[in-house]
Amino acid sequence: MEEPKVELDDLEVNQERLKQNTNQLKNLRVYGSLNAGIIAGTLGMDGWIGIVIYIAIFLIVSACLAIKMNFKVKEYFRSSYDAYYSGIGTDLLLFLMIWVIFHNLVNIL
């Protein structure tokens, strides 16, 4: 049985691989948000400094991703937006939750 393929900008993309890449990216972003929340909360960062930590981790993850793909995003994802910016809202909420929990556990209790 042949795998379904879709043509995007003269590239044939395997749908299963595209789904696998998207899931891996989602997992990578979640782990990055968790780690950023743990770092910001444990170090007792308040206010905008904590958000700067999240943005820095997000940019580092995006840069590592681009380097790993040799800057050929279209070969792995539908668009560069999907690769670099997808999930930023949900990951931010996860970061905030973990940040508050660790900040309270380490610095307040």
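Ranking Asp91, Asp82, Asp46 from most to least accessible surface, computed with a 1.4 Å probe over the protein chains only, gives Asp46, Asp82, Asp91. For Lys74, the accessible surface of its heavy atoms amounts to roughly 100 Å² (probe 1.4 Å, protein chains only, rounded to the nearest 10). Helix 48-68 and the long axis of the chain differ in direction by around 30°, with both axes built from C-alpha atoms.
Here the simple spin-label model places points 7 Å from the Cα toward Cβ, and for Leu93 and Lys68 these points are separated by 2.5 nm. Of the chymotrypsin sites (Phe, Trp or Tyr not before Pro) found in segment 24-109, those that fall in a DSSP loop while having at most 13 other beta-carbon atoms within 10 Å are Phe71, Tyr85. For the chain, the longest principal axis of the C-alpha atoms and the axis of helix 88-103 are separated by about 30°. In the complete set of protein chains, residue-level accessible area for Glu75 is approximately 100 Å², probe 1.4 angstrom. Residues Met97, Met45, sorted by accessible area with the largest first, give Met97, Met45 [1.4 Å probe; ligands and nucleic acids excluded].
Axis angle, to the nearest 10 degrees, between helix 15-42 and the longest C-alpha principal axis of the chain: 10 degrees.
The values are calculated or read from the model by the stated rules, or taken from the named source; none is laboratory data. Since we're looking at a predicted model, the values are computed, not measured. As a convention, Cβ positions derive from the backbone with ideal geometry for all residues, glycine included, and neighbour counts pool all protein chains shown. Each accessible area value is taken on the protein alone, full model and side chains, heavy atoms only, with ligands, DNA and RNA left out. Shrake-Rupley method; radii C 1.70, N 1.55, O 1.52, S 1.80 Å.
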